[in-house]
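Every number here is computed from the coordinates shown, using simple stated rules; none is lab data. In this text, all values refer to a predicted model and were calculated from it rather than measured experimentally. Note: ideal-geometry Cβ built from the backbone for every residue, glycine included; neighbour counts use all protein chains shown.
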Amino acid sequence: MLDFIVIVLLSAGILFFFGTINGLLRFPDFYTRMHAAGKGDTLSTVLILLGLALYSFHHPSVQDLLTGYKIIFIAVLIAIASPTATHALMDAGYESGIKPWGGETDSEEEVDK
Amino acid sequence: MKLLSLVISLTLGFLLLLATADLPDWGDPQSPASIHVSNYYIENSVEQTSVPNFVTSVLADYRGYDTMFETIVIFCAGITVLTILRRSHRQKKKEVRPRPAREGKDLILISAARIIAPMMQIFALYVVAHGHHSPGGGFQGGVILGSSFILLALAYDLETILKRLKERSVIIMSGIGVAIYMGIGMICLFLGGNFLDYSAWSSVLGVSAVEARSHGMLGVEIGVAVTVMYIMFSLYADLSSGGEMDEGL
């Protein structure tokens, strides 16, 4: 049962990572790309770390429980730090005057900037 | 002149490359270091210092003299950056750079930094104190401590942090870190041991000589951590403000 949950969590994490990479490469401008990176990266990292923490609870001993709690601690830290870093990058981009994508262009040349 | 320095550096480089041929191979079990020194540390460090992590016992005890000067090197680096970059306000009328109006007022950044910074500091103390048992110690813990203050300086602005962590006290404290290290070594002399021979502390601390070496290492690590932390912050404050100490990044 625990194995099943771990597999589901890890697979979901990898799936969200795939979406993150896709968005990071395919979205049209800086803001939408950061949007993909900030949300998808955080969620998938937290999911994978939770899966690993659960896996370390598999054979409960003090050592393994401690490892699991440390992993959960890292997950909490990433859940706080990663969106904040994305926010700071967005803010810096806005301050330095990057124009958001208007949605009007379709041609490859303009998109690949 | 350039040609001359090229010739000199090429000659020296060639000589050094020639000398490496005489060095033992990488990981050679028959090399002198692997035959004598390493085995001694691996076999005896737990009995002699009661520290399970013998990297720490080599660093802070067997080669404590070396580590003391490493700390002094870090101190000198901080002081050198300070000497080169620091300018007083009288010397130069600074040009006013345009700053974002919301600088240092971003609620999200400040809230996140206020949550993360205490966690970093607790973790840094753990790294300093746990260097006896796991990877860690004074240098690493000091860097984490210093970067927690750098994080606060990034989220707020440099002025706010400099009100708490005054420049004068930063420099004095980084010197005090070195003084803690050398002081522990000097007191060993007065207690009848050699310089940095922490077993001399056993009469004062009321523990066995082996335990005293372990405690002495902890004290030395704390001294290293204090120096590294304050020098890290001093380097950031100098470099980010160009020596003006008025506004950060």
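As a rough footprinting exposure proxy, the listed residues B:Y65, B:Y198 were ranked by other beta carbons within 10 Å of their own, and the order from fewest upward is B:Y65, B:Y198. The label-point distance for B:N44 and B:F14, in a model that sets each label 7 Å from Cα toward Cβ, rounds to 4.5 nm.
Using only alpha-carbon positions in the stretch A:2-99, the gyration tensor eigenvalues give semi-axes of 32, 16, 5 Å once each is multiplied by 5 and square-rooted (largest first).
Sequence-ordered 3J(HN,Hα) estimates for the stretch A:20-25 from the Karplus curve with 6.51, -1.76 and 1.60 and θ = phi - 60° stand at 4, 4, 4, x, 4, 8 Hz, glycine and proline given as x.
Residue separation of B:L125 and B:I172 scaled by 0.36 nm, minus their Cα-Cα distance, works out to 14.8 nm of gained length.
I'd like to know how the stretch B:192-249 sits against the 2.2 N^0.38 Å rule of thumb: what's its Cα Rg over that expected value? Don't jump to the answer; show the numbers that get you there.
Details: Rg = 18.5 Å, N = 58, 2.2 N^0.38 = 10.3 Å.
Here the answer is 1.80, to two decimals.
Could I get the Rg over Rh figure for chain B? Both from C-alpha atoms, Rh via Kirkwood, rounded to two places. Please report the intermediate quantities before stating the final value.
Numbers: Rg = 22.7 Å, Rh = 21.1 Å.
A ratio of 1.08.
Before rounding to the nearest 500, sum -39500 (n - 2.57) across all DSSP H runs of length at least 4 in chain B and divide by the residue total; then give [θ] at 222 nm in deg cm²/dmol.
On the way: 10 runs with 165 residues, N = 249.
Rounded to the nearest 500, it is -22000 deg cm²/dmol.
Quick one: B:W201, A:W101, fewest Cβ neighbours within 10 Å first, how do they rank? Please list the in-between numbers first.
On the way: B:W201 22, A:W101 16.
In order of increasing Cβ crowding within 10 Å: A:W101, B:W201.
At a threshold of 8 angstrom on Cα-Cα distance, excluding pairs fewer than six apart, so keeping six or more, what relative contact order does chain B reach in percent? List each step's numbers first, then the result.
Numbers: 316 pairs, mean separation 63.2, N = 249.
Taking the mean separation of contacting Cα pairs over the length of chain B, I get 25 percent.
Going through the DSSP H helices of chain B, which span 30 Å or more along their own axis at the Cα atoms while scoring at least 0.0 as a mean Kyte-Doolittle hydropathy?
On the way: long enough: B:64-85 (32 Å, 1.54); B:107-129 (34 Å, 2.01); B:167-190 (34 Å, 1.65); B:209-240 (46 Å, 1.00).
What comes out of the filter, once short or polar helices are dropped, is B:64-85, B:107-129, B:167-190, B:209-240.
Here, P(r) means the percent of Cα pairs in each 5 Å bin from 0 to the largest distance; for the stretch A:31-71 it is 6, 25, 20, 14, 11, 10, 8, 5, 2, 0.
Pairs of Lys residues in the protein assembly as shown that lie 8 or more places apart, or on two chains, and have C-alpha atoms under 29 angstrom apart add up to 17. Distance from a point 7 Å along Cα→Cβ of A:I5 to each backbone N in the stretch A:28-69: keep the residues under 12 Å and list them by number. Label zone hits: A:50-58. Relative to the 2.2 N^0.38 Å rule of thumb, the protein assembly as shown has a C-alpha radius of gyration ratio of 1.28. Positive end of the dipole of the stretch A:2-99 (Cβ unit charges, origin at the Cα centre): among A:L77, A:P28, A:A12, the Cα lying farthest that way belongs to A:P28. Residues considered: A:T86, A:T42, A:T67. Largest GNM mean-square fluctuation over chain A, using C-alpha springs under 10 Å, is found at A:T67.
About its Cα centre, the dipole of the stretch A:2-99 is roughly 160 debye, where the only charges are +1 on Lys and Arg Cβ and -1 on Asp and Glu Cβ.
Under 10 Å, Cα contacts only: if you run a Gaussian network model on chain A, which one of A:A88, A:A53, A:A79 comes out with the highest mean-square fluctuation? Highest fluctuation among the options: A:A88.
Using the Karplus equation 6.51 cos²θ - 1.76 cosθ + 1.60 (θ = phi - 60°), what ³J(HN,Hα) coupling, rounded to whole Hz, does each residue of the stretch A:84-93 give in order, writing x for Gly and Pro? For the stretch A:84-93, the Karplus curve yields 5, 5, 4, 4, 5, 5, 4, 4, 5, x Hz.
How do B:I42, B:I187, B:I72 line up, fewest other C-beta atoms within 10 Å first? Spell out each step's value before the answer.
Details: B:I42 11, B:I187 17, B:I72 14.
So the residues, fewest neighbours to most, are B:I42, B:I72, B:I187.
A Förster radius of 22 Å combined with the Cβ-Cβ distance from A:N22 to A:I78 puts the calculated FRET efficiency at roughly 0.60. Using a Gaussian network model of chain B whose springs link C-alpha atoms within less than 10 Å, name the residue from B:S34, B:S148, B:S199 with the highest mean-square fluctuation. The residue with the greatest mean-square fluctuation here is B:S34.
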